[in-house]
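In what follows, a structure is listed as structure tokens, so that the remarks can point back to it.
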Amino acid sequence: MIIQLNELPKEKPYENKKLYQKELKQLQYDMLNVQQHLYNQKVGLVIVFEGMDAAGKGGAIKRITERLDPRGLVVHPISAPQPHELRYHYLQRFWRKLPQHGQIGIFDRSWYGRVLVERIEGFAAKPQWKRAYKEINDFEKVLTDESYIVVKCWLQITKEEQLNRFEERREDPYKQWKLTDDDWRNREKWSSYVSAAEDMFDKTHTEHAPWIIIEATDKKNARINVLKSILEHIMQVCVEKGIPVTNPHNDVSQAEEA
């Protein structure tokens, strides 16, 4: 999968707020329907989020989970491994976080840190991160060959838009916690992260665990596109497994009136 992140076409701003809210609500109920379907079929769902800092991963995750049953859902915020985790293979801590069959696990950052931050910052030697592409593909294939669906989302913004969002966070006391020294330091290696991400897409985009690339300058468009793309992949996989998803209500407003 050849992707040039700096050449992604820009999405037009989602200016109609009421239309956005209506479409978002419909997609969220579709996601709830899918959650119940996967629960009944005992199929686990793994959703991975990666992307540039401040690209909107947290906002997208919030919209995905907003109307889901929290009893069948876990969101894992992934940071640097703890000292005791370094005593194991790097994938070990992710195996332990996989959802049960019929449940959903969302990873805010993931095992792809091996070929992103660990590669760029030198935490993994070159033979280690180069070997990781095959290890990750094998890991995901093991999951999808069993009772799991795996889908991976990358959210991309421009360097200029990232700076705007950093400055907004710095000025907003309720968002300052989102901004760290590491975020500023990572900006200095923007081109390295872009290059590493493009290598990652090329080597780990597979039919069973595809990458969804979202141009996320407009947050509303990004959230809608994330939900649409995830649902589309789930529907396709369920058809292939012989367990197609049926939608009990095509229109949320009509369903609520009923």
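The values are calculated or read from the model by the stated rules, or taken from the named source; none is laboratory data. Nothing here was measured: the structure is a model prediction, and the numbers come from that model. Cβ placement follows ideal geometry from the backbone for every residue including glycine, while neighbour counts extend to all protein chains displayed. Protein only, heavy atoms only, side chains kept; ligands, DNA and RNA dropped before computing areas. Shrake-Rupley method; radii C 1.70, N 1.55, O 1.52, S 1.80 Å.
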Quiz prompt | Where a residue in segment 25-36 is over 15 Å from N221 (Cα atoms) and its partner, wherever it lies, is open to solvent by 40 Å² or more (accessible area, probe 1.4 Å) and outside any helix (DSSP H, G or I), with Cβ under 6 Å and at least six apart | solution = L32/R67; N33/N247
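Inspect all residues belonging to segment 146-157 and state whether any of them is buried (at least 17 other Cβ atoms within 10 Å of the Cβ) and more than 21 Å from the chain's Cα centre (by Cα). So that I can check it myself, show each step before the final result.
Our first condition is that a residue be buried (at least 17 other Cβ atoms within 10 Å of the Cβ); within segment 146-157, this holds for 148-157.
This time we only want the ones that are more than 21 Å from the chain's Cα centre (by Cα), so: none.
No; the residues of segment 146-157 include none that is buried (at least 17 other Cβ atoms within 10 Å of the Cβ) and more than 21 Å from the chain's Cα centre (by Cα).
For I104, indicate whether it is in contact (Cβ under 8 Å) with a residue 60 or more places away in the chain and not small (G, A, S). Working first, answer last.
On the way: in contact (Cβ under 8 Å) with a residue 60 or more places away in the chain: yes; not small (G, A, S): yes.
Against the criterion (in contact (Cβ under 8 Å) with a residue 60 or more places away in the chain and not small (G, A, S)), I104 qualifies.
So is E66 among the acidic types (D, E), out of contact with any strand residue (DSSP E or B) (no Cβ under 6 Å at 6 or more places or on another chain) and over 22 Å from Q35 (Cβ atoms) or not? Walk me through it before giving the result.
Numbers: among the acidic types (D, E): yes; out of contact with any strand residue (DSSP E or B) (no Cβ under 6 Å at 6 or more places or on another chain): yes; over 22 Å from Q35 (Cβ atoms): no.
Spelling it out, it is not the case that E66 is among the acidic types (D, E), out of contact with any strand residue (DSSP E or B) (no Cβ under 6 Å at 6 or more places or on another chain) and over 22 Å from Q35 (Cβ atoms).
With the structure loaded, tell me whether I212 is modelled with pLDDT of 95 or more and touching a His at 6+ places or on another chain (Cβ under 8 Å) or whether it fails that test. Even if it seems obvious, please write down each step before you answer.
Values: modelled with pLDDT of 95 or more: yes; touching a His at 6+ places or on another chain (Cβ under 8 Å): yes.
Here the answer is yes, as I212 does meet what is asked.
Which of the residues spanning segment 34-48 are farther than 30 Å from W177 by Cα and either open to solvent by less than 50 Å² (accessible area, probe 1.4 Å) or not basic (K, R) (or both)?
Applying the first criterion (farther than 30 Å from W177 by Cα) to segment 34-48 yields 34-44.
Residues satisfying the conditions are V34, Q35, Q36, H37, L38, Y39, N40, Q41, V43, G44.
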Quiz item: Which numbered condition trips up V74, out of (1) open to solvent by 60 Å² or more (accessible area, probe 1.4 Å); (2) part of a helix (DSSP H, G or I)?
Solution: (2)
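Quick check, is V142 closer than 17 Å to P210 by Cα, of a type outside the set (S, T, Y) and in contact (Cβ under 8 Å) with a residue 24 or more places away in the chain?
Details: closer than 17 Å to P210 by Cα: yes; of a type outside the set (S, T, Y): yes; in contact (Cβ under 8 Å) with a residue 24 or more places away in the chain: no.
For V142, the condition - closer than 17 Å to P210 by Cα, of a type outside the set (S, T, Y) and in contact (Cβ under 8 Å) with a residue 24 or more places away in the chain - is not met.
If I ask for residues that are of a type in the set (A, V, I, L, M, F, W, C), open to solvent by less than 70 Å² (accessible area, probe 1.4 Å) and in contact with a Phe, Trp or Tyr (Cβ under 8 Å, 6 or more places away or on another chain), which ones from segment 2-33 would you list? I'd like the intermediate steps shown before the answer.
Initial filter on segment 2-33 (of a type in the set (A, V, I, L, M, F, W, C)): 2-3, 5, 8, 19, 24, 27, 31-32.
Next cut, open to solvent by less than 70 Å² (accessible area, probe 1.4 Å) only: 3, 5, 8, 24, 27, 31-32.
Passing the criteria: only I3.
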Quiz item: under 18 Å from V46 (Cβ atoms) and part of a helix (DSSP H, G or I) - does that describe any residue in segment 117-132?
Solution: yes
Quiz item: Which members of segment 49-71 meet the condition of being under 11 Å from the mean Cα position of the chain (by Cα) and either open to solvent by 30 Å² or more (accessible area, probe 1.4 Å) or among the acidic types (D, E) (or both)?
Solution: E50, G58
Quiz item: Applying the selection to segment 77-99, what residues are in a helix (DSSP H, G or I) and either touching a Lys or Arg at 6+ places or on another chain (Cβ under 7 Å) or buried (at least 17 other Cβ atoms within 10 Å of the Cβ) (or both)?
Solution: E85, R93, F94
Quiz item: In segment 159-203, which residues are in a loop (DSSP other than H, G, I, E, B) and crowded, with 18+ Cβ neighbours inside 10 Å?
Solution: L179
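Only one of these is among the hydrophobic types (A, V, I, L, M, F, W, C) and modelled with pLDDT under 95: W111, W177. Name it. Let's see the steps before the verdict.
Details: W111 fails: modelled with pLDDT under 95.
Testing whether each residue is among the hydrophobic types (A, V, I, L, M, F, W, C) and modelled with pLDDT under 95 leaves just W177.
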